[in-house]
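> Input: one structure, supplied below.
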Amino acid sequence: MTVIATRYLREPAVGGRFGEFGGRFVPEALIPACAAVEEAFRDAWADAGFRHQLDMFRTRYAGRPTALTPAWNLSAELGITLLLKREDLAHTGSHKINNVLGQALLAQRMGKTRLIAETGAGQHGVATATAAALFGLRATVYMGERDIDRQALNVARMQLLGAEVVPVTAGSRTLKDATNEAMRQWVAAVDDSHFCLGSVAGPHPYPWMIREFQSVIGDEARRQVAAELPTGVPDVVVACVGGGSNAAGTFAGFADTTARLIGVEAAGGAAMTDGTPGVVHGSRSLVLQNADGQVAEAHSIAAGLDYPGVGPEHAHLGRSGRATYVTVSDDEVLAALHRLARAEGIICALESAHAVAWVLRAAGTDELPRGSTVLLTLSGRGDKDLGQLR
Ligand SMILES: Cc1ncc(COP(=O)(O)O)c(C=O)c1O
């Protein structure tokens, strides 16, 4: 196995820069709040006691390590070896719990009593409501009205867990608008509230901190794949990208290997493919925007990928050539979801089906020749999407 230089994946440069991306572009009132989160995270991450506590909750509460399941039937059909990292099996049904357990423990350590969060598909909102219930914190979750309609099941789950779900009626009434509102509310409530952001986006230290909390996916998968494949590492590592947290966590485990890293975006919300450099939600990254620099509206059948930006680390990984980003259409996603369900007995989230769709398209081509070995992160389960699928 050839090892390649990837230090940049482990720690962003001073100020939270990933190459030319990242940083902290927030109203002045939030600069001390971001600095306090950074200091608390640095302190906690260096503290063996914090890590031990987080590991305990990951194992005994969230059900980690999650399984690595060979997709036996699809592998045979496609002529490849396809291994699925099963974040759908984590408590609350997606990878979002990895990040939230870390941030909720951090909030407690900082003496905060409330979590403020934004959510698109609702999975991050459910994870936040869950951790708030566990740790005795209040939770307020901002959600676009359109997503409230699409993801009614998750709204009910959040409310049952005791969270307040606040509808956001501005703009496209999706994740971008919910994030704007959550950040605005944080300004007003920094004294007692922690902003529990759900992806590797936002101002420093969020993209770095959340990547670190999610790298448990890649670290586990690295060990599991090594036990499964004679080569030790797969040829290709693939994950869907909204803000990019499940992909960032997965890629982190394989950054120093020869594995090709592939991020899959929704064709209608492809900041990596169609975006240009700009600032969104406190971070410089690639953003879908018009000629005046106004953030454009994204579209995806998957509420969690319906976002006009992408985390700054992905912008850097894409520009530096370490990772490749591709898009798939809504139709391919639906077909992939159905095919995985019928072939393997796994109903995955619409978001995760983006990664599956790329594998189905690429298998047998130069992109993914026969005999290739592939690790695919299934970021979540599809129960939340059944209303949309019927
Ligand atoms: C199951 C699932 N996968 C993926 C995503 C996209 O987020 P990220 O790109 O941060 O992993 C979401 C967001 O809601 C989600 O619910």
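> With the contact rule set at Cα under 8 Å and sequence spacing of 6 or more, what percent relative contact order holds for the range 108-219? Working shown, then result.
On the way: 192 pairs, mean separation 33.4, N = 112.
So the answer I get is 30 percent.
> Please work out the Cα center distance from the range 199-237 to the range 81-124, rounded to the nearest Å.
So the separation of the two Cα centres works out to 15 Å.
> Using each residue's phi in the range 103-112, evaluate 6.51 cos²θ - 1.76 cosθ + 1.60 at θ = phi - 60° and report the 3J(HN,Hα) Karplus result to the nearest Hz, with x for Gly and Pro.
Residue by residue, the range 103-112 yields 5, 5, 5, 5, 4, 4, 4, 7, x, 7 Hz.
> Compute the signed sum of charges (Lys and Arg +1, Asp and Glu -1) over the other residues within less than 10 Å, Cβ to Cβ, of F251.
+1
> Next up: Report ³J(HN,Hα) in whole Hz for each residue of the range 338-345, in order, from the Karplus equation J = 6.51 cos²θ - 1.76 cosθ + 1.60 where θ = phi - 60°; Gly and Pro get x.
5, 5, 4, 4, 6, 7, 10, x
> Right, another one. With +1 assigned to the C-beta of every Lys and Arg and -1 to the C-beta of every Asp and Glu, and no other charges, what is the dipole magnitude of the chain about the Cα centre in debye, to the nearest 20? If you can, show how the numbers build up before the last one.
Numbers: 36 positive and 41 negative charges, 149 e Å.
In total the dipole reaches around 720 debye.
> What does the charge add up to near L288, with Lys and Arg as +1, Asp and Glu as -1, over the other residues with Cβ less than 12 Å from its Cβ?
Details: positive: K176; negative: E265, D274, E297, D306.
Summing Lys/Arg as +1 and Asp/Glu as -1 gives -3.
> Still on this structure, I have one more. How would T324, T169 line up by accessible area, probe 1.4 Å, largest first?
The most accessible residue leads, giving T169, T324.
> Run lengths n ≥ 4 of DSSP H only: what is the helix-derived mean residue ellipticity at 222 nm for the chain, with -39500 (n - 2.57) per run over all residues, to the nearest 500?
Details: 16 runs with 172 residues, N = 390.
After summing the helix terms and dividing by residue count, I get -13500 deg cm²/dmol.
> Over the heavy atoms of T327, what accessible area does a 1.4 Å probe trace out, to the nearest 10 Å²?
40 Å²
> Below 22 Å Cα-Cα, how many Lys pairs turn up in the chain? Only count pairs eight or more apart in sequence, or on different chains, if you could. Could the numbers behind the result be given before it?
Numbers: K85/K96; K85/K384; K96/K112; K96/K176; K96/K384; K176/K384.
So the count of such lysine pairs works out to 6.
> Rounded to whole Hz and in sequence order, give me ³J(HN,Hα) for the range 255-266 from the Karplus expression 6.51 cos²θ - 1.76 cosθ + 1.60, θ = phi - 60°, writing x for Gly and Pro.
Karplus values, whole Hz, x for Gly and Pro: 4, 9, 10, 8, 4, 6, 9, 10, x, 10, 9, 6.
> Given the peptides 245-258, 71-84, arrange them by the average over their residues of other C-beta atoms within 10 Å, most packed first.
Highest to lowest by the protection proxy: 245-258, 71-84.
> Give the Cα extents of the chain along the principal axes, in whole Å, largest first.
Ordered largest first, the chain gives principal extents of 56, 47, 45 Å.
> Hey, another quick one. Give me the percent of DSSP beta bridges within the range 67-179 that run antiparallel, rounded to the nearest 5. Please list the in-between numbers first.
Details: 3 of 14 bridges.
Around 20 percent antiparallel, to the nearest 5.
> Just how much of R109 is accessible, in Å², when a 1.4 Å probe is used and the result is rounded to the nearest 10?
The value for R109 is about 100 Å².
> For the chain, what relative contact order do you get, as a whole percent, if you take Cα pairs closer than 8 Å and at least 6 residues apart?
On the way: 881 pairs, mean separation 81.3, N = 390.
Result for the chain is 21 percent.
> Could I ask something else about it? To the nearest 10 degrees, how steeply does helix 206-228 sit against the main Cα axis of the chain, on a 0 to 90 scale?
30 degrees
> Pull out a ≥ b ≥ c, the square roots of the eigenvalues of the alpha-carbon gyration tensor of the range 232-300, then state rounded if a/c is under 1.5, prolate if not and a/b is larger than b/c, and oblate in the remaining case. Before the final figure, lay out the partial values.
Details: a/c = 2.94, a/b = 2.25, b/c = 1.31.
Judged from the Cα gyration tensor, the range 232-300 comes out prolate (a/c at least 1.5, a/b above b/c).
> Specify whether the C-alpha gyration tensor of the range 255-364 places it in the rounded, prolate or oblate class, a ≥ b ≥ c being the square roots of the eigenvalues: rounded for a/c under 1.5, otherwise prolate if a/b is larger than b/c and oblate if not. Intermediate values should be presented prior to the final figure.
Numbers: a/c = 2.52, a/b = 1.47, b/c = 1.72.
Oblate shape, in that a/c is at least 1.5 and b/c is the bigger or equal ratio.
> Further, regarding this structure: Which percentage, to the nearest 5, of the DSSP beta bridges contained in the range 207-363 is antiparallel?
Working: 7 of 18 bridges.
Close to 40 percent.
> Find the relative contact order for the range 149-209 and round it to a whole percent, using C-alpha pairs within less than 8 Å whose residues are 6+ positions apart. List each step's numbers first, then the result.
On the way: 23 pairs, mean separation 8.2, N = 61.
Answer for the range 149-209 is 13 percent.
> When the chain is treated as a GNM, springs tying every alpha-carbon pair under 10 Å, which of G120, G275, G49 comes out with the largest mean-square fluctuation?
Among G120, G275, G49, the largest GNM mean-square fluctuation belongs to G49.
The values are calculated or read from the model by the stated rules, or taken from the named source; none is laboratory data. Just so we're clear, the structure is a prediction, and the values are computed from it rather than from any experiment. As a convention, Cβ positions derive from the backbone with ideal geometry for all residues, glycine included, and neighbour counts pool all protein chains shown. Ligands, DNA and RNA are stripped out before the accessible areas are found, and what is left, the full protein with its side chains, is counted by its heavy atoms. Shrake-Rupley method; radii C 1.70, N 1.55, O 1.52, S 1.80 Å.
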